[in-house]
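Input: a single structure, listed below in structure tokens.
We did not get these values from a lab; they are worked out from the coordinates using the rules stated. Just so it is clear, the structure is predicted and the values come from calculations on it, not from any experiment. Virtual Cβ from ideal backbone geometry, glycine too; neighbours counted across all protein chains shown.
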Amino acid sequence: MTATREPVLSVRDVSVVYETEQPVTAVDSASFVLHRGEVLGLAGESGCGKTTLAYAVSRLHQPPARTAAGSVLFHDRDGTEVDVLALEGEALRAFRWAKLSMVFQGAMNALNPVRTVGAQLDDTLRAHDRSMSRQRRRARSAEVLERVGVDPARSRSYPHELSGGMRQRVVIAMAMLLEPQVMVMDEPTTALDVVVQRDILREIVRLRDDLGFAVVFITHDLPLLLEISDRIAVMRHGRIVELDTAEALYRRAAHPYTRQLLGSFPSLSGERGAFVRTGVQEEVA
């Protein structure tokens, strides 16, 4: 599936403040529109506010973090608009995972180490649809595990019995359980070896094509985003400093910081010690 111009999520001027003794603005007036079927990359160095923005969009912040300004609108398939920042209680619980889900960084931290994979998938389904029979829950869990390339028999396994790549696939399966329209992925390939990373990335793109959900993909790895994203937003010091298509960003990045990011990765074809910076090799001093 290719991305459409139909919006599924509109983020306008969102600011997030950490209410410490000296308040810190971690996200400053961030705006973007996510379209249906789109992979929107969110890039920037560690500490620039990527995950903080994702938590604001997903309503996952806990004190001292506070969304101080802005709006997040979810455009449902049925034509209704949901003010995400105004959701509370049962309405917020129903929205999460069913409309917008999140794949957290570090699968071992996202999974309960003392419960089997199947039990955790079952918990998610029971929490959102108590009318679903146990047999249907098992069938749905097996279906999503198969979709991400995990043998359903591994539902009886505990997280520590799975490889890192398999655990990450389980977390992605959990995020897919309720067929959300948006998936926020916070560095889902961190700490995986490069071969497993590629497998996971191919799986994400294939699932997006098959199921049509939109993805906000967060990472500091700009070359990776250039490969899988339709558009990329670059963050620095809590602000989105540039947003463009992946191709345009690679060929003619407008912001100096984006050019610095592009120039921070070594060339595979140039002389040893040379880095690629927007198409021009520069010797490392």
Convex hull over the alpha-carbon atoms of the chain: what's its volume per residue in Å³? 152
Equivalent ellipsoid semi-axes, region 15-159, via Cα gyration tensor eigenvalues times 5, rooted, Å: 31, 19, 16
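Among all stretches of the chain without exposed trypsin sites (Lys or Arg not before Pro) (DSSP loop, at most 10 other Cβ atoms within 10 Å), which one is longest? Please list the in-between numbers first.
Details: sites that count: ARG5, ARG130, ARG272.
Result for the longest clean stretch: 131-271.
May I ask you to derive the FRET efficiency for GLU143 and ASP78 from their Cβ-Cβ distance with R0 = 22 Å, giving the value to the nearest 0.05? Could the numbers behind the result be given before it?
Details: r = 24 Å, r/R0 = 1.09.
Taking R0 as 22 Å, the efficiency between GLU143 and ASP78 is 0.35.
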Estimated distance in nm for a label pair at SER131 and GLU227, the labels positioned 7 Å out from Cα along Cα-to-Cβ: 4.4
Backbone N within region 171-185 under 14 Å of label point (7 Å from ARG115 Cα along the Cβ vector): 171, 174-175
Could you work out the local net charge near GLU90, counting Lys and Arg as +1, Asp and Glu as -1, over the other residues with Cβ closer than 15 Å to its Cβ? +3
Remind me, what semi-axes does region 111-177 give for its equivalent ellipsoid, largest first in whole Å, using sqrt of 5 times each Cα gyration tensor eigenvalue? 19, 12, 10
Fluctuation leader among MET176, MET166, MET132 - the chain, Gaussian network, Cα springs under 10 angstrom: MET132
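Taking Rh as the Kirkwood radius, which is the inverse of the mean 1/r over Cα pairs, what is the Rg/Rh value for region 142-185?
Values: Rg = 10.4 Å, Rh = 10.7 Å.
Taking Rg over the Kirkwood Rh, I get 0.97.
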Once every DSSP H run of n ≥ 4 in the chain is given -39500 (n - 2.57) and the sum is divided by its residues, what mean residue ellipticity at 222 nm do you get, rounded to the nearest 500 deg cm²/dmol? -10000 deg cm²/dmol
